[in-house]
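So the structure is just underneath, and the comments pick up after that.
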Amino acid sequence: MITASNFQPPFFQLPNFKLLYQLSPSINFNNMLSSADLNLERALFIAVLTLFFGAGFLSTLLIFIMNAVRKKNKSTLYYFLWFLISGITAVILAGAYFYMLFIKEG
């Protein structure tokens with residue numbers, strides 16, 4: 001009889017790895033985690049690009065809204081330079097933060 005103390009929902013049960021191994025003996029379960037290709041360089045590059053474009057877009061949008069409220073007309077070059085400077089500044093600040101957090105503390 002199933003009571004509240006011994007009830008275990010089906011999604012909490014672990015799969016039967018012995019049965020899985022018998023069904024597919026060509027899979028090497030010992031080397032599954034060690035042979036994973038993490039590709040950390042690509043993840044770092046995507047993180048830096050996301051930070052650059054996110055900070056640049058957000059700051060440019062805020063400056064555009066502030067200039068629209070003040071009714072100041074600025075050129076496209078002004079907004080483009082603001083985008084570049086704020087994106088580069090955010091990447092440099094994040095790099096300095098992670099340098100002090102991970103490398104300097106050692």
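Figure legend. Inter-residue proximity from segment 73-94: first residues touching a residue at least 24 places away in the same chain (Cβ under 8 Å) and under 19 Å from Leu44 (Cα atoms), second residues open to solvent by 100 Å² or more (accessible area, probe 1.4 Å) and assigned to a helix (DSSP H, G or I), beta-carbon distance below 8 Å, spacing 6+ or different chains. Indicated pairs: Gly87/Phe53. I'd like the full set of residues that are under 13 Å from the mean Cα position of the chain (by Cα) and not charged (D, E, K, R), limited to segment 38-51. Across segment 38-51, the qualifying residues are Leu40, Ala43, Leu44, Phe45, Ile46, Ala47, Val48, Leu49, Thr50, Leu51. Within segment 71-81, can one find any residue that is among the aliphatic types (A, V, I, L, M), open to solvent by less than 100 Å² (accessible area, probe 1.4 Å) and either touching a Lys or Arg at 6+ places or on another chain (Cβ under 6 Å) or modelled with pLDDT under 95 (or both)? There is no residue in segment 71-81 that is among the aliphatic types (A, V, I, L, M), open to solvent by less than 100 Å² (accessible area, probe 1.4 Å) and either touching a Lys or Arg at 6+ places or on another chain (Cβ under 6 Å) or modelled with pLDDT under 95 (or both).
The values are calculated or read from the model by the stated rules, or taken from the named source; none is laboratory data. All values derive from a computational prediction rather than experimental measurement. For neighbour counting, all protein chains shown are included, and Cβ atoms are generated from backbone atoms with ideal geometry for every residue, glycine included. Each accessible area value is taken on the protein alone, full model and side chains, heavy atoms only, with ligands, DNA and RNA left out. Shrake-Rupley method; radii C 1.70, N 1.55, O 1.52, S 1.80 Å.
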